[in-house]
Amino acid sequence: MYVIAEIAGQQFKVEKGRKLYVHRLAGDEGSSLSFDKILLTDDDGQVKVGTPVVKGASVSATIVRHLKDDKVIVFKKRRRKGYRVKNGHRQCLTQILIDDIITA
C-alpha cells in the first residue's frame, strides 16, 4: 500500500515505515505530524484518485531529525568579460519517518 502525498509543497510516494527527506518543517525532533493532502491512494491495485484530494485519507509521521543537505556550488561566468561569481548553498531538510497511512 502506498499513497502520493503533498508534503511541504512537494509530492512524495509514501509507504509505511519509509524515511523521507523533505524541506524543513516546523517542530521538534520526536514530535508527530499529520498530512491531509493525499492526492492518490493504491491499496493492492485498488486505486483512488482525488479531485483534488482523497477525502478522509491522511498520513501520520514522526520527525527524526533536522539536518542540512550537501553543499551545491553555483558558479557563473561570462566569457572574455572578467566576470566570475562563486556561491554555495546548503538546503535545510527534515528527515521524517512514516508511522501510519489512514485511508477512507
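Every read-out reported here was derived from the displayed coordinates using simple, explicitly stated rules and does not represent laboratory data. Bear in mind that the values here come from a model prediction, so they are computed numbers and not experimental data. Please note: Cβ atoms are built from the backbone with ideal geometry, for glycine as well, and neighbour counts cover all protein chains shown.
Mind telling me which of the residues Ile73, Ile38 ends up being under 21 Å from Ile4 (Cβ atoms), of a type outside the set (S, T, N, Q) and touching a Gly at 6+ places or on another chain (Cβ under 8 Å)?
Ile38
For segment 51-68, what are the residues that are within 22 Å of Val22 (Cα to Cα) and part of a loop (DSSP other than H, G, I, E, B)?
Correct list: Pro52, Val53, Val54, Ala57.
For segment 72-95, what are the residues that are loosely packed, with under 10 Cβ neighbours inside 10 Å and assigned to a loop (DSSP other than H, G, I, E, B)?
If the condition is that a residue be loosely packed, with under 10 Cβ neighbours inside 10 Å and assigned to a loop (DSSP other than H, G, I, E, B), then Arg79, Arg80, Lys81, Gly82 are the ones that fit.
Looking at this structure, is Ala104 loosely packed, with under 10 Cβ neighbours inside 10 Å, of a type outside the set (S, T, N, Q) and either free of Cβ contacts under 8 Å to residues at least 12 places away in the same chain or not in a strand (DSSP E or B) (or both)?
No, not satisfied.
Residues of segment 25-37 being in contact (Cβ under 8 Å) with a residue 40 or more places away in the chain and of a type in the set (A, V, I, L, M, F, W, C), which ones?
Residues satisfying the conditions are Leu25, Leu33.
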